Ligand code: AMP
């Protein structure tokens with residue numbers, strides 16, 4: 001599925017709509033906590049400016065739920081882009097409407113207009129045609145550089161595309177597809193996937209797809225308990241999604257048939273309540289006390305997981321192996337971050353929490369590809385179609 005790249009577009013004098021992912025974390029005083037997402041799209045923006053384009057940037061920030069929320073304004077981002085690029089950035093009050101249309105017509109080649117948060121309008125996430133058409137009136141060409149939202153069919157990722165001239169991928173998107181592509185096309189084996197976190201209903205379907213693609217799936221974190229329960233292990237008050245137990249049973253059976261191996265924790269750390277300073281016990285999973293909650297993988301599980309990781313040739317990791325935000329329950333996740341970083345495999349890590357675990361463990365630089373899209377990388381690597389990518393013009 002070869003898509004046009006921004007390099008293939010004739011940008012001179014054109015208004016180019018660049019869908020970026022500027023969903024940056026903001027402090028309570030509205031300051032940007034971490035500008036990594038802005039920096040990652042600068043090469044695409046700089047390239048467009050250098051080719052004489054009129055650059056219109058569009059992003060969402062947070063979850064305003066289709067309503068204007070001044071705390072989720074992109075204004076601080078305009079300031080950050082201005083200081084990073086040293087060029088003026090005009091901030092629009094909205095992303096649609098007559099005033100924005102005239103602003104888009106007034107910007108000159110080499111200038112930037114940043115639209116206000118797309119998700120201030122319900123039409124964005126609902127992928128309303130009318131809203132998509134209004135966005136399209138702002139531009140001649142379209143570029144998607146927001147890998148983190150490419151698995152969502154929203155107005156700014158798919159709806160807009162039939163109404164613009166050509167559409168293409170930006171440099172960040174290109175880099176993601178190139179690196180993640182290594183794990184799709186003839187990955188070196190053994191290929192080990194590590195899946196943790198707590199969004200069981202979202203990720204269990206991904207496990208179903210991964211079974212066909214990888215050799216080993218290490219399941220930890222909150223994800224593990226629905227699978228343990230499916231094997232008949234009593235897990236106390238640990239996180240279980242009861243309506244997924246049957247599916248988990250089915251996946252455990254399927255994985256055997258299809259040759260991939262699902263590996264579950266054998267021991268874990270448990271607490272009676274989730275308060276900091278609560279007394280922590282390490283137990284075998286099948287000896288979990290009735291009132292306990294599993295909060296981290298235990299030392300024996302770490303050892304088993306580390307062994308699988310050390311022999312892998314391709315590794316994909318998404319989701320923490322425990323409630324790692326609390327220091328007492330972070331050791332398992334940090335051990336796995338370290339093991340992944342020390343492996344000789346092609347290593348790919350996606351998802352905000354896994355990335356922050358890499359950073360906590362001080363090993364980010366040792367990972368081959370840190371993906372900017374948690375859900376998008378999971379879906380792409382499990383072989384699902386990404387609507388925002390499908391919609392773009394083909395070469
Ligand atoms: P996800 O977005 O699915 O990757 O989930 C990330 C969240 O999973 C983090 O906030 C972790 O605290 C949480 N998590 C990891 N392990 C557990 C667990 N054993 N029980 C409950 N939540 C967990």
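Nothing in this text is a laboratory measurement; each read-out follows from the coordinates by a stated rule. Predicted model only: the values in this text are computed from it and were never measured. Don't worry about glycine lacking a Cβ; one is built from the backbone with ideal geometry, like all the others, and counts go over all protein chains shown.
The Cα center of the stretch 238-290 and the Cα center of the stretch 94-134 differ in position by 46 Å. Subtracting the Cα-Cα distance of residue 82 and residue 254 from 0.36 nm times their residue separation leaves 56.6 nm of extension gain.
Just for the chain, what percent of DSSP beta bridges are antiparallel, to the closest 5? About 20 percent, rounded to the nearest 5. Here the gap between residue 364 and residue 246, fully extended at 0.36 nm per residue and compared with their Cα-Cα distance, gives a gain of 38.8 nm.
So what's the back-of-envelope 222 nm ellipticity for the chain, counting only DSSP H runs of four-plus at -39500 (n - 2.57) apiece and dividing by all residues, rounded to 500?
Helix contribution divided over all residues of the chain: -10000 deg cm²/dmol.
Choose one answer from 172, 247, 321: the residue with the largest mean-square fluctuation in a GNM of the chain with alpha-carbon springs under 10 Å. Per the Cα network of the chain with a 10 Å cutoff, 247 tops the list. Taking a ≥ b ≥ c as the square roots of the eigenvalues of the alpha carbon gyration tensor, the stretch 297-352 is oblate, as a/c is not under 1.5 and a/b does not beat b/c. Label-to-label distance, residue 12 versus residue 273, with points set 7 angstrom from Cα along the beta-carbon direction: 7.1 nm.
From the Cα gyration tensor of the stretch 6-170, with a ≥ b ≥ c the square roots of its eigenvalues, which class applies: rounded if a/c is under 1.5, or else prolate if a/b is larger than b/c, or else oblate? Rounded is the answer for the stretch 6-170, as its axis ratio a/c remains below 1.5.
At q = 0.10 Å⁻¹, what log₁₀ I(q)/I(0) does the chain have when each alpha carbon counts as one equal point scatterer in the Debye sum? Log-scaled intensity ratios, in q order: -0.70.
If both residues of a DSSP beta bridge must be in the stretch 6-170, then about 5% of such bridges are antiparallel.
Largest GNM mean-square fluctuation across 167, 242, 354, computed for the chain with C-alpha springs under 10 Å, falls on 242.
Each of 191, 47, 142 has some number of other Cβ atoms within 10 Å of its Cβ, and from fewest to most they run 47, 191, 142. The Cα atoms of the stretch 274-395 define a convex hull whose projected area, averaged across directions, is 9.9 nm². For the chain, relative contact order (Cα pairs under 8 Å, six or more residues apart, normalised by length) works out to 16 percent.
Measure off 7 Å from each Cα along the Cα-to-Cβ vector at residue 284 and residue 75, then give the distance between these two points in nanometres to one decimal. Using points 7 Å along Cα→Cβ, the separation is 6.1 nm. Seen through its C-alpha gyration tensor, with square-root eigenvalues sorted a ≥ b ≥ c, the stretch 183-381 comes out oblate because a/c lies at 1.5 or above while a/b is not bigger than b/c.
Indicate, rounded to the nearest 5 percent, the antiparallel portion of the DSSP beta bridges found entirely in the stretch 241-353. Within the stretch 241-353, antiparallel bridges account for around 60 percent of the total. In terms of other Cβ atoms within 10 Å, 95, 87 run from fewest to most in the order 87, 95. Ranking of 143, 363, 169 by neighbouring Cβ atoms within 10 Å, starting from the fewest: 363, 169, 143. Between residue 46 and residue 185, what FRET efficiency follows from the Cβ-Cβ distance if R0 is 30 Å, with the result rounded to 0.05? Rounded to the nearest 0.05, the efficiency is 0.50.
Taking all Cα pairs closer than 8 Å and separated by 6 or more residues, the relative contact order of the stretch 183-381 comes to 22 percent. Between 141, 239, 85, which gets the highest mean-square fluctuation from a Gaussian network model of the chain, Cα cutoff 10 Å? Maximum among the listed residues: 85.
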